[in-house]
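Participant: Before I ask anything, here is the structure I am working with.
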Amino acid sequence: MDMHVHDRRRFLTLTAAAGAAPLLASCGTGFGGDEAANGDGSAADDVTGSFDWRRERGTTVKALLNKHPYSDALVADLKSFTELTGIEVEYDVFPEDNYFDKLTVDLAGGRASYDVFMLGAYMVWQYGPPGWLEDLGPWMSNSSATGDEWDQADFFPNLLQADQWSLKAGAPLGQGGQYALPWGWETNVVAYNTEVFDKLGLRPAESFEELAELAAVVKRRAPGAGFDGMYGIAVRGSRSWATIHPGFMTMYARYGLRDFTVDGGKLTPAMNTPQAVAFTRDWADMVKRGGPPSWTSYTWYQCSSDLGAKKAGMLFDADTAAYFQAVKGASPASGRIAFHPGPKGPDGSLATNMWIWSLGMNARSRRKSASWLFLQWATGKEHLRRGAITHNHIDPVRRSVSEDAAYKDKMGALPGFLETFETVVDRTRIQFTPQAQFFDATTSWAAALQEIYGGQDARSVLGGLADDLADKVD
């Protein structure tokens, strides 16, 4: 489930904590922890000999987890890890309302209360530059530390690359250190109520113009067809960074638009180009014509709930937000929800933005060898297959799990899910430009979108936003 909605205050706190990072580095405890400070390189270099799951038996690893179906699947399977390795895992689970506050304060304080933790790939842009995250690349490449069965090539490469970065603002992902491992992710697509579509003789939109018109048609005609109170399309609208990254950024990217351009390491805001202004105006108009009346308060939860309650004819958001309404018995609309890749861009693009839950290691951990065994197991084929089939750990980050017959049998019960997944999986990437002010920048972008929805001039609002962000990201 797309459980990653945060308010502006939280990320102001996070940004402030990240700003304190040079103080940590100046104390001789920057990137790489004590090993780097002492000039000893990665702790992975200390692991030699043949690979052995039990090399750290008797050790205890401490994990910080966000309350989520993925962590539920992990906790349910921890006995398997301990039996395999002899390593105990102590863990704390926090609700998302304060999870990232807890993690950020712990990392910024250098206390190393937790060896491993959940984080989103966007958080690498905050946590990586101050030196809080262990570079996992040396662990992955050391055959003494990593067993052959882990099979790095089995990961969808775009997902592995999402957590790989050079730590330089504006630099593309997929280069530099591997600061986390993909664990569970969400692609952003369209889900729709087949009952209302069938009754009104509609079919999924193949262009953005069709989507906007379809949303308006459903809102206008559905109530008269027996769907009282139904509107056309649910998309996020709250004043939060999370409003920008799912459906909006996916369609924005399919139009070939960028958040920033990068020239010589300098980031220039690009959400005020004529093409971006026109798209943003059209998006706001789509919501006014076909969206919910209280759109400016909408988070993933309201969007998902409305689809399940038959209040929304369509949802353009994380596939998991629809999945948990579509499964049998989950909601009034279960059994009547189908999936579609969503509209193509003018050139046929299906570029799609992602959210990806990842697992990282604290650069200050004193139990790095045992922590790497845990990360290796938690992202390994056996655990992820079990999580996908017996729990709700979707979408798979590994190709072998996505092709597993039992997984396909489970997900095949949802119309269009597998076909949609297979269509967009290789086209799904983080469509944003990596930079440390990401959360504040996208929260300001969401505020601008609200203003345009409220009737203010799109060119003026986005021009002001670009001017403001140019100073912040410089």
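Participant: Given the criteria under 30 Å from the mean Cα position of the chain (by Cα) and farther than 22 Å from residue 310 by Cα, does residue 242 qualify?
Facilitator: On the way: under 30 Å from the mean Cα position of the chain (by Cα): yes; farther than 22 Å from residue 310 by Cα: yes.
Answer is yes for this residue.
Participant: Return the residue satisfying two criteria in turn: it lies in segment 101-121 and is crowded, with 24+ Cβ neighbours inside 10 Å and in a helix (DSSP H, G or I), and of such residues it is nearest to the chain's Cα centre (by Cα).
Facilitator: 121
Participant: I would also like to ask the following. Grab the helices (runs of 4 or more DSSP H) fully contained in segment 374-425, keeping just those with 3 or more residues being surrounded by 19 or more Cβ atoms within 10 Å (Cβ to Cβ).
Facilitator: Values: elements: 381-390, 399-402, 405-411, 417-424.
Because the criterion is at least 3 residues that are surrounded by 19 or more Cβ atoms within 10 Å (Cβ to Cβ), the helices (runs of 4 or more DSSP H) in segment 374-425 that meet it are 381-390, 417-424.
Participant: For segment 136-165, which residues satisfy the criterion of being in a loop (DSSP other than H, G, I, E, B) and more than 20 Å from the chain's Cα centre (by Cα)? Write out each step before concluding.
Facilitator: So the first thing to find is which residues in segment 136-165 are in a loop (DSSP other than H, G, I, E, B), and the list is 136, 142-147, 151, 156, 162-163.
Listed by number, the residues that qualify are 142, 143, 144, 145, 146, 147, 151.
Participant: For segment 158-189, how many residues meet the condition of being β-branched (Val, Ile, Thr) and in contact with a Gly (Cβ under 6 Å, 6 or more places away or on another chain)? Steps first, please.
Facilitator: If we filter segment 158-189 for residues that are β-branched (Val, Ile, Thr), which is where we start, we get 187, 189.
Still in the list and also in contact with a Gly (Cβ under 6 Å, 6 or more places away or on another chain): 189.
Qualifying residue count, segment 158-189: 1.
Participant: Tally up the residues in segment 362-398 that are charged (D, E, K, R) and touching a strand residue (DSSP E or B) at 6+ places or on another chain (Cβ under 9 Å), please. Even if it seems obvious, please write down each step before you answer.
Facilitator: Keep residues of segment 362-398 that are charged (D, E, K, R), which gives 364, 366-368, 381-382, 385-386, 395, 398.
The next check asks that each one be touching a strand residue (DSSP E or B) at 6+ places or on another chain (Cβ under 9 Å); those that pass are 367-368, 381, 385, 395, 398.
Total meeting the criteria: 6.
Let's see how each residue does on (1) under 21 Å from residue 325 (Cα atoms); (2) of a type in the set (Gly, Ala, Ser); (3) touching a residue at least 60 places away in the same chain (Cβ under 8 Å):
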| site | (1), (2), (3) |
| --- | --- |
| 240 | no, yes, yes |
| 250 | no, no, yes |
| 262 | no, no, yes |
| 265 | no, yes, yes |
| 272 | no, no, yes |
| 277 | no, no, yes |
| 282 | no, no, yes |
| 305 | yes, yes, no |
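Participant: Right, another one. Does any residue of segment 221-233 turn out to be in contact with a Cys (Cβ under 8 Å, 6 or more places away or on another chain) and assigned by TED's automatic domain parsing to the domain that holds residue 305? Even if it seems obvious, please write down each step before you answer.
Facilitator: Our first condition is that a residue be in contact with a Cys (Cβ under 8 Å, 6 or more places away or on another chain); within segment 221-233, this holds for none.
No; the residues of segment 221-233 include none that is in contact with a Cys (Cβ under 8 Å, 6 or more places away or on another chain) and assigned by TED's automatic domain parsing to the domain that holds residue 305.
Participant: Collect the residues in segment 402-427 that are without any contact (Cβ under 8 Å) to a residue 60 or more places away in the chain and aromatic (Phe, Trp, Tyr), keeping them in residue-number order.
Facilitator: Across segment 402-427, the qualifying residue is only 407.
Participant: Give, as residue ranges, the helices (runs of 4 or more DSSP H) completely inside segment 181-252 that count at least 2 residues that are over 26 Å from residue 441 (Cα atoms).
Facilitator: Counting at least 2 such residues, we get 194-200, 208-221.
Participant: Let me ask something else. Please verify whether segment 381-404 includes one or more residues that are charged (D, E, K, R), more than 30 Å from residue 87 (Cα to Cα) and out of contact with any helix residue (DSSP H, G or I) (no Cβ under 7 Å at 6 or more places or on another chain). Don't jump to the end; show me each part of the working.
Facilitator: We begin by selecting, within segment 381-404, every residue charged (D, E, K, R); these are 381-382, 385-386, 395, 398-399, 403-404.
From the residues that got through so far, the ones that are more than 30 Å from residue 87 (Cα to Cα) too are 403.
Checking the rest, the ones that are also out of contact with any helix residue (DSSP H, G or I) (no Cβ under 7 Å at 6 or more places or on another chain) come to 403.
Taking every residue of segment 381-404 in turn, at least one turns out to be charged (D, E, K, R), more than 30 Å from residue 87 (Cα to Cα) and out of contact with any helix residue (DSSP H, G or I) (no Cβ under 7 Å at 6 or more places or on another chain).
Participant: Taking residue 467, is it in the same structural domain as residue 262 (by TED's automatic domain parsing), loosely packed, with under 14 Cβ neighbours inside 10 Å and assigned to a helix (DSSP H, G or I)? Reasoning before the result, please.
Facilitator: On the way: in the same structural domain as residue 262 (by TED's automatic domain parsing): yes; loosely packed, with under 14 Cβ neighbours inside 10 Å: yes; assigned to a helix (DSSP H, G or I): yes.
Criteria met by residue 467.
Participant: Within segment 359-372, identify whether any single residue is hydrophobic (A, V, I, L, M, F, W, C), in a strand (DSSP E or B) and outside the structural domain of residue 279 (by TED's automatic domain parsing), and answer yes or no. Before you say what the answer is, go through the steps one by one.
Facilitator: Taking segment 359-372 first, the residues hydrophobic (A, V, I, L, M, F, W, C) are 359, 361, 363, 370, 372.
With the extra rule that they be in a strand (DSSP E or B), the set shrinks to 359, 361.
Of the ones still in play, those that are also outside the structural domain of residue 279 (by TED's automatic domain parsing) are 359, 361.
Yes, segment 359-372 contains at least one residue that is hydrophobic (A, V, I, L, M, F, W, C), in a strand (DSSP E or B) and outside the structural domain of residue 279 (by TED's automatic domain parsing).
Participant: Here's a follow-up. I'm told residue 331 meets every condition in (1) surrounded by 18 or more Cβ atoms within 10 Å (Cβ to Cβ); (2) touching a helix residue (DSSP H, G or I) at 6+ places or on another chain (Cβ under 6 Å); (3) within 17 Å of residue 249 (Cα to Cα) except one. Can you identify the failing condition by its number?
Facilitator: For residue 331, the failing item is (3).
The values are calculated or read from the model by the stated rules, or taken from the named source; none is laboratory data. Treat the numbers as computed from the prediction; the structure is a model and nothing was measured. For neighbour counting, all protein chains shown are included, and Cβ atoms are generated from backbone atoms with ideal geometry for every residue, glycine included.
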